[in-house]
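Below: one structure, written as structure tokens.
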Amino acid sequence: MKTIPHFVYGTQYYRAPSPVPGNWEEDLRKLKGAGLNAIQLRVQWRWNEPAENQYRFDDLDRLFDLAEEHGHPVIVKFMMECAPDYIFHKYGGTRRDMHGQPLAPGAHGAFYIGGWIPCFDHPGVVKRAEAFVARVVRRYRARKNLLLWNVWNEPRSRPIAECGCGHSITAYRAWLREQYGSVAALNETFGKAWESLDTVMPPGMPYDYVELFLWRRWAFDAVTQRLQFMYRAVKKLDAQRPVISHVGCCSVVQDAAGDSSDDAANAAAMDFYGTSYPVANHFTSPADDAFPFLISDWMRGVSPYFWVYELYPDWGNWLRPVSLEDFRLKVWSAVAGGAKGLVFWQYRAERLGNEDNLSGLVEMSGDFKPVTHESARIAPVLAQYSDFLMRAQPVEDAVAIVYDRDSDLISRIENTGGPSHYYFWNFDLRSADGLYPYKRAIQGAYALFREAGFVPRFIDSRQLADRLEGIKLLYLPEWFMVTDAQAKVLDAFVKRGGRIIAEEGTGLRQANTWLHERLPGEAVSRLFGVRTVSRVYPSEVTETLSYAGHAVLPGEYVNYLEPVGNGTVLASWADGRAGIVATDRTVFLGTSLGAAFFAATRSTESSMAVATLVGVLRDLCRRWKITPRQPPPLLDVHLRELSDGRSILHFIFNRSSRTVRLPLPAGAVVLTPATRVSGKGKLARLEIAPFDTAVYGV
């Protein structure tokens, strides 16, 4: 794996046609005043090859020259989604939906020059794309200030209906053949009756879960294949520099069917991987506070060396400016999460299209603003500790949350079609419930563990067997589709002394999307000593789960359980029926604590519900003597550590409205300039202002 040996603290600078040439000299001269040590230039296919074999690179040549003159390393990012006109009118590169209707290429603030997006299953499009990439690499590979190649901006498949052109259908059928071998095996697996693999078509409706499930699983792989052909095209001509990509909304955040991307597969196709940082601009709830760490902790699980790309220094767009405290939270959460580089989106606030005045580290005029000066104050710390940041990893607790891509996907599909999605004439492919159940469960579960003081890991279920070393507790948020092989891994984990908490829905479906005859499936039922008697929406019943003195409102579903085998009732619903069933090493919840916490953090009267759910999780963990390695010293104060085995950086995130005073260890060096220290020696105290962040090294 090729990486960069120092911490990159840079910014996206140029995406034609902005900033305009008259800004370049001044901006690149002032860039170091913002503390930055790298810039990113976007190479847009449509801009740099406006007609077939007619290339123009004067702008990039000049920017490379200016960057070298002012000592700025350059990241080149390809924007292949902005395709030239000839790709559509000469090569027929227009995408089509599942019914064969054209998806006309368009423009958007992020794709201002247009041409979004051709079909990359079309071999003619790929051939021309490879020719363009080769031209760019040959032109700039000799530049001494070229740092790396980013081959795709936010790889994803969207909309849910894309692409139904003949080339994509051929690719889809080839994928089915690779996965299942024959039409007989495909039909046997899913209970279908296709005549031939050569007659399978894209799904016409969203209501047969199987067809949409297969279609979107293929879409995941199609995105990875785009990255692979780009990787090969660059490496063929420049084998020395790293080749990377970065996801927009990572797997634990994105719409699994309507905005598909498989982080684990994509990361494996690159030298290293990155992520945009779609976090709040103003952090106002425990869920907002947790979100940056959710992203970083997930990314570290799929790419231990990862970058945070497109960190929005300010939202702009005429909205209330970010506070310096929330800006610090964004930057320091990325560092505390283990990122090995950070790139702002973007330097000057945008002037184009629907991204008017969007997200600048500096104003549209190029003038510095408060976050620019704060960036400059942070930069020397990152430079001084660059070697440490390259070696260090976050200190985690021995707990892990399992993410399952197929469960994510089936939950989205189950909630596709709007409020009238049971009627066959409705072809609405939107999510019926907005942020659908699986996403509420996994994001809420992470935020709940964080609020309870844990630093959890994430494990992709496909890598479960290889990622359990050092784990004492697994948490399974609504893992609907547990395969027999995965159930065996869980069983072996428990027999070795591991502990598992599973939410309702775990083991609900077979791998072919069908419901099990008895819930949960037999392997899950044996492992957890439980049967589900009935499963209903919370709106259908008035229920509260009573556990250890806590009264818990249900999340997503109410499951009435019964113990089987060695299972025992741990808690009951208000009507007396079992709501939690446990064995000595497992717990099966008759609802989703994650989804309940997700809902609680969005309630106007959330504090009591949040405290209740935190208390339940802590009590469940204490049954097995599992506690946070570093419990939070005060409510709404969160701790993180980075360690290289010799030294430690401590991060204290004060999310309360009061000044927090904590002891400062002897010899500690405070790294955040805004943090006050009172007293000396053994009486030294950190004074962390409301909603602010402090960092110190030992």
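Since every read-out is calculated from the coordinates, none of them should be taken as a lab result. Small disclaimer: the values here were computed from a predicted structure and weren't measured. Cβ sites come from the backbone with ideal geometry, for glycine too, and all protein chains shown count toward neighbours.
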Practice problem: Find, to one decimal place in angstroms, the Kirkwood hydrodynamic radius of segment 301-459, where the mean of 1/r is taken over every pair of different Cα atoms and then inverted. | Solution: 18.9 Å
Quiz item: How big is segment 39-98 by the Kirkwood estimate over distinct Cα pairs, in Å?
Solution: 13.1 Å
Quiz item: Is segment 433-497 best put as rounded, prolate or oblate by its Cα gyration tensor, with a ≥ b ≥ c the root eigenvalues, rounded for a/c under 1.5, and otherwise prolate when a/b is larger than b/c, oblate when not?
Solution: oblate
Exercise. For segment 362-513, give the magnitude of the charge dipole about the Cα centre (Cβ charges: +1 Lys/Arg, -1 Asp/Glu; no others), in debye to the nearest 20.
Key: 320 debye
Quiz prompt | Dipole-positive endmost among LEU319, GLY360, THR416 within segment 309-467 (Cβ charges, Cα centre) | solution = GLY360
Self-check item: Additional length obtainable on full extension of the chain from ALA134 to VAL569, 0.36 nm per residue less Cα span
Solution: 150.2 nm
Quiz prompt | Cα-Cα over 32 Å, subset of LYS90/LYS340; LYS30/LYS236; LYS192/LYS488; LYS340/LYS682; LYS330/LYS439 | solution = LYS90/LYS340; LYS30/LYS236; LYS340/LYS682
Quiz item: For segment 440-561, what does the alpha-carbon gyration tensor say about shape, rounded, prolate or oblate, given a ≥ b ≥ c as the root eigenvalues, a/c under 1.5 as rounded, and a/b over b/c as prolate?
Solution: oblate
Quiz item: Could you give the length gained on full extension between ASP367 and LEU515, defined as 0.36 nm per residue of separation minus the Cα-Cα distance, in nm?
Solution: 47.4 nm
Quiz item: What does the charge dipole of segment 75-148 about its Cα centre add up to, to the nearest 20 debye, if the Cβ of each Lys and Arg holds +1 and the Cβ of each Asp and Glu holds -1?
Solution: 580 debye
Practice problem: Please report, in whole Å, how far the alpha carbons of segment 254-302 spread along each principal axis, starting with the longest. | Solution: 37, 24, 15
Quiz item: Can you tell me the Rg and the Dmax, both Å, for the Cα atoms in the chain?
Solution: 25.9, 81
Self-check item: Pairwise label distance in nanometres, SER546 with GLU522, each label 7 Å out on the Cα-Cβ vector
Solution: 3.7 nm
Self-check item: Compactness relative to 2.2 N^0.38 Å, alpha carbon Rg of segment 236-336
Solution: 1.17
Quiz item: Using 20 Å as the cut-off for backbone N distance, which residues of segment 257-275 belong to the label zone defined by a point 7 Å from the Cα of LYS236 along Cα→Cβ?
Solution: 269-271
Quiz item: Roughly how big is the chain's charge dipole about its Cα centre, with Cβ charges of +1 (Lys, Arg) and -1 (Asp, Glu), in debye to the nearest 20?
Solution: 1940 debye
Quiz item: For segment 99-209, what is the largest minus smallest coordinate of the Cα atoms on each principal axis, given in angstrom and ordered from greatest to least?
Solution: 58, 30, 22
Quiz prompt | FRET efficiency, 1/(1 + (r/R0)^6) with R0 30 Å, evaluated for MET390 and ALA689 via beta carbons | solution = 0.50
Quiz prompt | Positive-pole candidate from PRO242, ILE401, ALA523, dipole of the chain, charges at beta carbon | solution = PRO242
Practice problem: Could you compute the FRET efficiency for THR659 and LYS472, with r as their C-beta to C-beta distance and R0 at 60 Å, rounded to 0.05? | Solution: 0.95
Quiz item: Of all DSSP beta bridges in segment 47-190, what percent run antiparallel (nearest 5)?
Solution: 65 percent
Self-check item: Convex hull (Cα only) mean projected area of segment 559-698, reported in nm² to one decimal
Solution: 11.8 nm²
Quiz item: How would you order 45-51, 448-454 from highest to lowest mean count of nearby Cβ atoms within 10 Å?
Solution: 448-454, 45-51
Quiz item: Hey, what number do you get for the chain at 222 nm if only DSSP H runs of n ≥ 4 count, each worth -39500 (n - 2.57), divided across all residues, to the nearest 500?
Solution: -10000 deg cm²/dmol
Quiz item: Computed on alpha carbon atoms, what radius of gyration and Dmax characterise segment 75-151, expressed in Å?
Solution: 14.3, 49
Practice problem: Take the eigenvalues of the Cα gyration tensor for segment 637-697, scale each by 5, and report the square roots as semi-axes in whole Å, largest first. | Solution: 18, 15, 9
Practice problem: Give the shape of segment 399-622 as rounded, prolate or oblate, defined through the alpha-carbon gyration tensor: a ≥ b ≥ c are the square roots of its eigenvalues, a/c under 1.5 means rounded, and otherwise the shape is prolate if a/b is larger than b/c and oblate if not. | Solution: rounded
Exercise. Arrange SER592, SER534 by Cβ neighbour counts within 10 Å, fewest through most, would you?
Key: SER534, SER592
Practice problem: Take every Cα-Cα distance within segment 489-567, group them into 10 Å bins from 0 onward, and report for each bin the whole-number percent of pairs it holds. | Solution: 16, 44, 33, 7, 0
Quiz item: Starting at 0 and stepping by 10 Å, how many percent of the alpha carbon pairs of segment 309-365 end up in each bin?
Solution: 25, 51, 22, 3
Quiz item: Expressed as a whole number of Å, what is the distance separating the alpha-carbon centroids of segment 342-386 and segment 175-238?
Solution: 41 Å
Quiz item: Given segment 1-143, what whole percent of its Cα pairs are spread farther than 18 Å?
Solution: 60 percent
Quiz item: Taking 0.36 nm per intervening residue step and subtracting the Cα-Cα distance, what contour gain separates GLN54 from LEU553 on full extension?
Solution: 173.3 nm
Quiz item: Say the dipole of the chain comes from +1 at the beta carbon of Lys and Arg and -1 at that of Asp and Glu; which of MET1, SER606, PRO203 then lies farthest toward its positive end?
Solution: MET1
